[in-house]
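Q: Can you keep this structure in mind? I'll have questions shortly.
The values are calculated or read from the model by the stated rules, or taken from the named source; none is laboratory data. In this text, all values refer to a predicted model and were calculated from it rather than measured experimentally. Using ideal geometry, Cβ is built from the backbone for each residue, glycine included, and neighbour counts are taken over all protein chains shown.
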Amino acid sequence: MNTPQQGSEIFSAIVAAPFGAMGIRTSGGVLCELVYLPLHFEEKDAQDAVAEATAGQVQRYFADPGFRFDLPLARVGSEFQRKVWDAISAIPLGSVRTYGQVARHVGSAPRAVGQACGANYFPLVIPCHRVTASGGLGGFSNHDDQNGFHLNVKRWLLAHEGAAGAGAPWQQQPILF
């Protein structure tokens with residue numbers, strides 16, 4: 001019998017993903033956080049109705065990148081972060097915007113937009129993977145190791161959504177998991 005992965009107890013569910021897994025954390029009838037997890041995390045059955053709904057919607061997104069999430073989200077983040085997350089949520093499927101473009105839209109600086117992207121509690125639902133640097137992929141989930149797990153997740157998500165056109169910066173590195 002396998003023992004649970006250390007840390008898996010903080011999640012209300014863990015769903016298999018093409019790049020590893022997604023940890024789902026719920027509390028008080030709302031989704032509190034989605035977390036990208038590496039391959040060694042095993043699936044975990046949903047512990048409540050919100051986790052079950054989230055797990056189902058995450059799986060639908062992996063099957064169909066055009067799927068639109070409809071989940072009760074915890075009210076988190078600063079006013080500025082929520083403004084950035086609203087702008088990111090408006091980026092159409094298959095499109096990307098640079099940190100600078102989002103910054104101009106919200107009246108801020110690219111670095112502040114990057115920090116708000118990294119603080120996103122609801123990746124996939126708020127598609128921060130659609131925000132890139134002007135000359136390349138940029139960072140992702142507060143990570144910028146070009147061959148690391150998180151940037152490979154970003155590459156996979158962009159390709160899954162059809163944003164990976166020929167010569168796109170995120171295709172210049174292989175996707176390794």
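Q: I'd like to know if segment 81-95 contains one or more residues that are touching a residue at least 60 places away in the same chain (Cβ under 8 Å), assigned to a loop (DSSP other than H, G, I, E, B) and not assigned by TED's automatic domain parsing to the domain that holds Gly138.
A: no
Q: Which of the following residues is charged (D, E, K, R) and not assigned by TED's automatic domain parsing to the domain that holds Ala13: Arg25, Arg111?
A: On the way: Arg25 fails: not assigned by TED's automatic domain parsing to the domain that holds Ala13.
Testing whether each residue is charged (D, E, K, R) and not assigned by TED's automatic domain parsing to the domain that holds Ala13 leaves just Arg111.
Q: While we're on this one: Keeping to segment 27-44, report how many residues are under 16 Å from the mean Cα position of the chain (by Cα) and among the hydroxyl-bearing types (Ser, Thr, Tyr).
A: 1
Q: A further question follows. Is it true that some residue in segment 127-136 is part of a loop (DSSP other than H, G, I, E, B) and either modelled with pLDDT under 95 or basic (Lys, Arg) (or both)?
A: Looking only at segment 127-136, we keep the residues that are part of a loop (DSSP other than H, G, I, E, B), and these are 127, 134-135.
Subset that is either modelled with pLDDT under 95 or basic (Lys, Arg) (or both): 134-135.
Yes, segment 127-136 has at least one match.
Q: Keeping to segment 137-147, report how many residues are loosely packed, with under 14 Cβ neighbours inside 10 Å, farther than 14 Å from Arg111 by Cα and either within 15 Å of the chain's Cα centre (by Cα) or at pLDDT 60 or above (or both).
A: Total satisfying the criteria: 2.
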